[in-house]
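Remarks on the structure that follows.
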Amino acid sequence: MNLGSFNPSEYDDDQFEPIPAGDYVATITEADMKPTRRGDGEYIKLTWQVQPGQHAHAGRLIWMNINWVNPNEAAVAIGKKQLASICRAVGLPASEIANFELGMILGKPCKISVAIRDASNGYSPSNEIKRIAKHEGASVANSTMQQPPWQDAQKVPF
């Protein structure tokens, strides 16, 4: 294929710098259970999106992995605490925990505290979510989802 007069130096790279450390209102837009690279466990991969009204960072994405099955019991305990924080932040009633599915946490605004993880192991600096709390003034009714998202989501043993 002939690219004609295409000159790649005329275009900027789409490399994103981490957003500044601080508190943001964000929603989980994707939640998937994934196998670990070594194949000895599973983790929940979450995609958070900063909501409008958040400085110039509206629409930015932040990723979070939660250990769910892991040979390291401490990692699993931390993961369960993280998921419990999310459940409380989205206002998931205790009565629904027995039937928990990942889709139940989608599209509900939370307040997240973001830090910047230093560059290491060949990776650039990135954002890390340190704390998840209920967004004041938000309720389950404020969800942007039109139908219950958990109908097709993968179940998670809780």
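Just wondering, is there one or more residues in segment 71-82 that are of a type outside the set (Gly, Ala, Ser) and over 21 Å from Thr36 (Cβ atoms)?
Quick first cut of segment 71-82, residues of a type outside the set (Gly, Ala, Ser) only: 71-73, 76, 78, 80-82.
Still in the running and over 21 Å from Thr36 (Cβ atoms): none.
No: segment 71-82 contains no residue that is of a type outside the set (Gly, Ala, Ser) and over 21 Å from Thr36 (Cβ atoms).
So in segment 118-158, with the set limited to residues that are assigned to a loop (DSSP other than H, G, I, E, B) and of a type in the set (A, V, I, L, M, F, W, C), which one is modelled with the lowest pLDDT? Before you say what the answer is, go through the steps one by one.
Narrowing segment 118-158 to residues assigned to a loop (DSSP other than H, G, I, E, B): 118-119, 121-122, 124-125, 135-139, 143-148, 152-154, 156-158.
Going one step further and asking which of them are of a type in the set (A, V, I, L, M, F, W, C), we end up with 119, 138, 145, 153, 156, 158.
Details: Ala119: 92, Ala138: 53, Met145: 38, Ala153: 45, Val156: 48, Phe158: 45.
Among those residues, the one meeting the criterion is Met145.
So if I check each of Ala77, Ala115, which one is aliphatic (A, V, I, L, M) and either in a loop (DSSP other than H, G, I, E, B) or more than 15 Å from Pro20 (Cα to Cα) (or both)?
Numbers: Ala115 fails: either in a loop (DSSP other than H, G, I, E, B) or more than 15 Å from Pro20 (Cα to Cα) (or both).
From the options Ala77, Ala115, the qualifying one is Ala77.
Quick check on segment 60-74: of everything there that is part of a loop (DSSP other than H, G, I, E, B) and buried (at least 17 other Cβ atoms within 10 Å of the Cβ), which residue is modelled with the highest pLDDT?
Filtering segment 60-74 for residues part of a loop (DSSP other than H, G, I, E, B) gives 60, 70-72.
From what is left, the residues that are buried (at least 17 other Cβ atoms within 10 Å of the Cβ) are 60, 70.
On the way: Arg60: 93, Asn70: 96.
Looking at the filtered set, the residue picked out is Asn70.
Can you give me the number of residues within segment 13-59 that are of a type in the set (D, E, K, R) and surrounded by 13 or more Cβ atoms within 10 Å (Cβ to Cβ)? So that I can check it myself, show each step before the final result.
Taking segment 13-59 first, the residues of a type in the set (D, E, K, R) are 13-14, 17, 23, 30, 32, 34, 37-38, 40, 42, 45.
Subset that is surrounded by 13 or more Cβ atoms within 10 Å (Cβ to Cβ): 23, 30, 42, 45.
The total comes to 4.
The values are calculated or read from the model by the stated rules, or taken from the named source; none is laboratory data. Worth saying up front: this structure is predicted, and the values here are computed from it rather than measured. Heads up, the Cβs are rebuilt from the backbone with ideal geometry, glycines too, and the neighbour counts pull from every protein chain shown.
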